[in-house]
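Participant: This is the structure, below, for whatever I ask next.
Values quoted throughout were computed directly from the atomic coordinates according to the rules given, and no laboratory measurement underlies them. Since the structure is predicted, the reported quantities are computational estimates derived from the model, not experimental observations. Backbone-built Cβ (ideal geometry, glycine too); neighbour counts: all protein chains shown.
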């Protein structure tokens, strides 16, 4: 990282970007599924699914997530990175309430809080990291 960002700032910013890309992709897949319903696995279903712009937005979201993930893995240890990648679950839960009218149970709130707590513990427990030079 040549930009002068600390490892922690890079970690937080990178995972916020990953969270946005992954959540966007999942929301777009949900919108695709709603547009293509009912699920019939025939040509009309396939055409409904692939003629909605949401499916292409989902693919773009995954491409953005892939590039972000590969960039993060060059600079951050894989253990905390993998744990933090699970923030997508929380992001999708949060946006599903206003966008799709889903109702969350106390167990889902507890699970989301535990995911956040685990990621924060791993992020703040990790010393500054300098990637090893590769041959």
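Participant: Given springs between every Cα pair under 10 Å in a Gaussian network model of the chain, which of 103, 94, 27 has the largest fluctuation?
Facilitator: Top of the fluctuation ranking is 103.
Participant: Return the Rg/Rh value of the chain, two decimal places, where both radii are evaluated on C-alpha atoms and Rh is the Kirkwood radius.
Facilitator: That ratio is 1.07, to two decimals.
Participant: Now for a separate question. Relative contact order (percent) for the chain, with alpha-carbon contacts under 8 angstrom and 6 or more residues of separation?
Facilitator: Computed value for the chain: 32 percent relative contact order.
Participant: By count of other Cβ within 10 Å, fewest leading, how are 88, 102 ordered?
Facilitator: Ordered by Cβ neighbours within 10 Å, fewest first: 102, 88.
Participant: Turning to a different aspect of this structure: Full-extension gain between residue 114 and residue 67, please, as 0.36 nm times their residue separation minus the C-alpha to C-alpha distance.
Facilitator: 14.2 nm
Participant: Here's something else I'd like to know. If the chain between residue 47 and residue 83 were fully stretched, how many nm would it gain, using 0.36 nm times the residue separation less the Cα-Cα distance?
Facilitator: Extending this stretch completely gives an extra 9.3 nm.
Participant: Report, to the nearest 10°, how far helix 53-75 tilts away from the longest principal axis of the Cα atoms in the chain, using its own Cα long axis and a range of 0 to 90°.
Facilitator: Once rounded, the angle reads 10 degrees.
Participant: Given C-alpha coordinates of the range 32-88, what is the ratio Rg to Rh with the Kirkwood estimate of Rh?
Facilitator: Reported Rg/Rh (Cα atoms, Kirkwood Rh): 1.20.
Participant: Also, quick follow-up: What ranking of 71, 52, 23 emerges when the number of other C-beta atoms within 10 Å of each C-beta is taken as an exposure proxy, fewest first?
Facilitator: Result, fewest neighbours first: 71, 52, 23.
Participant: Quick one: grab the alpha carbon gyration tensor of the range 49-127, order the square roots of its eigenvalues as a ≥ b ≥ c, and give me rounded if a/c is under 1.5, else prolate or oblate depending on whether a/b is larger than b/c.
Facilitator: Because a/c hits 1.5 or more and a/b fails to exceed b/c, the range 49-127 counts as oblate.
Participant: Under the rule of -39500 (n - 2.57) per DSSP H run of 4 or more residues, summed and divided by the residues of the chain, what mean residue ellipticity at 222 nm is obtained, to the nearest 500 deg cm²/dmol?
Facilitator: -25500 deg cm²/dmol
Participant: Moving to a separate point now. Starting from 0.36 nm per residue, how many nanometres of slack lie between residue 97 and residue 34 once their C-alpha separation is accounted for?
Facilitator: 21.1 nm
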